[in-house]
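**Student:** A single structure is presented below for examination.
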Amino acid sequence: MERYEGLSEFVLTRGPALSRTAYLLTGDHQLAEDLLQQALAKTAAHWRRIQAGGNPEGYVRRVMINERTSWWRRRRYTEVAGPATDEILAAGPAPGTGDEAEAAVRRISLRRALAALPARQRAVIVLRFFEDLTEAQTADAMGSSVGTVKSQTHAALGRLRALAPDLLADFHTEVTS
């Protein structure tokens, strides 16, 4: 059992954050649970070495990104499923915003735009802007170069602008107000 010493504590403390990352990578709660479970199983197999390396969360993130990319390549999951519209509407508006309907429309639009991104572009967006990782940390998590992260980020943001121009217009209005 000392082989897994500290693993349960790691899962308890970092599990919710890793679960959110998995959800953002897949767009579906059940797929996110599967993705995180697979990543944690692979992590457990090498836990002592990973823990000694000092960055188990980064390791789990990298495994999740690689697994999600494998799913996408196999085309087993051709479409990113998402929560029902009722679930999105029940989440309510973001704190400090006005109209609930407008907030719901923005969330739906953003979710659809993210779902339309290829797996690597979606991973870059999640890691850079949701997880707030640096370009170097994102490159490490994805197993790629910083240049690849920069180009994938540029391409992903361009695609998001094309897919959901209304979100960009809302952003400019909020920034200038």
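The numbers here are math on the coordinates, done by the rules we state, and not lab data. Since the structure is predicted, the reported quantities are computational estimates derived from the model, not experimental observations. Glycine also receives a Cβ, built like all others from the backbone with ideal geometry; neighbour counts cover every protein chain displayed.
**Student:** Residue by residue through segment 17-29, which ³J(HN,Hα) values in whole Hz follow from phi under the Karplus form 6.51 cos²θ - 1.76 cosθ + 1.60 (θ = phi - 60°), with glycine and proline marked x?
**Tutor:** 5, 5, 5, 5, 4, 4, 5, 5, 6, 9, x, 8, 5
**Student:** Mind ranking 135-143, 147-155 by how tightly packed they are, going by the mean number of other C-beta atoms within 10 angstrom, highest first?
**Tutor:** Listed from highest to lowest mean packing, they are 135-143, 147-155.
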